[in-house]
Amino acid sequence: NAGVTQTPKFRILKIGQSMTLQCTQDMNHNYMYWYRQDPGMGLKLIYYSVGAGITDKGEVPNGYNVSRSTTEDFPLRLELAAPSQTSVYFCASSYSGEQYFGPGTRLTVT
Amino acid sequence: EDQVTQSPEALRLQEGESSSLNCSYTVSGLRGLFWYRQDPGKGPEFLFTLYSAGEEKEKERLKATLTKKESFLHITAPKPEDSATYLCAVQAGSSSNTGKLIFGQGTTLQVKP
């Protein structure tokens, strides 16, 4: 199993541009999550999903959108990128307890 | 409010010098406490799950313990390869149908040879 995969690994965006961060898991987990991690800070939950077609906001959802059309995929969309969205983004999935994380996407908005 | 606090923020040890990392939590109805290891530039890697007070789990030089208010990650005779950030997370009873975790800020461990 590949586990949780994320693309791209790195990206530089200009202010106002948009992009989609991809996340795929092959463990047949129903639950999936998007976090951001800033230097010296913990993981902050952006959005989560409890199954295909069901998504909900986490603690920092502003400026982001998600969709969940299949069990495997959970893309994160950034509209009108802002410097405050410079961060490392992690996708995770779980069955019900421990979460398994992808390798992350390092995003810089300038 | 459910919350998790880890201490210290940073810890420097000499190789072979044993120590402990602390994770204090306040949560309504603990369903599980999780320890992760995170290496620079990588995603968190799952280490342990603890479910009830008195439970212990071990893996190589690491041992995690749990009380009703806190968890400790004991590192025995650490090696430089144990250097990483260690994250603690809890799952509250109210999150049983979402799987959401509440993470602490982490403890960055550096082990010098």
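The values are calculated or read from the model by the stated rules, or taken from the named source; none is laboratory data. What you see is a predicted model; the values in this text were computed from it and never measured. So basically every Cβ, Gly included, is an ideal-geometry build from the backbone, and we count neighbours across all protein chains shown. Areas reflect the complete protein model, heavy atoms only, side chains present, ligands, DNA and RNA absent. Shrake-Rupley method; radii C 1.70, N 1.55, O 1.52, S 1.80 Å.
Pairwise Cα distances in segment A:1-62 exceed 15 Å for 64 percent of all pairs.
Using the empirical formula 2.2 N^0.38 Å as the baseline, the Cα radius of gyration of segment B:11-113 reaches a ratio of 1.07.
Accessible surface buried at the A:B interface totals approximately 1500 Å², computed with a 1.4 Å probe on protein heavy atoms.
Legend: distances between Cα atoms for A:K57/B:K79; A:K44/B:K63; B:K68/B:K112; pairs beyond 31 Å are A:K57/B:K79; B:K68/B:K112.
Semi-axes of the equivalent ellipsoid for the protein assembly as shown, computed as √(5λ) from the eigenvalues of its C-alpha gyration tensor and ordered from largest down, come to 30, 21, 15 Å. Using a simple spin-label model with pseudo-atoms 7 Å out from Cα toward Cβ, A:T110 and A:T5 lie 3.0 nm apart. The figure for A:D26 is an accessible area of roughly 70 square angstrom, using a 1.4 Å probe on the protein chains alone. Peptide packing: for B:90-96, B:32-38, the average count of neighbouring Cβ atoms within 10 Å per residue gives the ranking B:32-38, B:90-96, highest mean first. Placing A:M27, A:M32 in order of accessible area, with the largest value first and a 1.4 Å probe, yields A:M27, A:M32.
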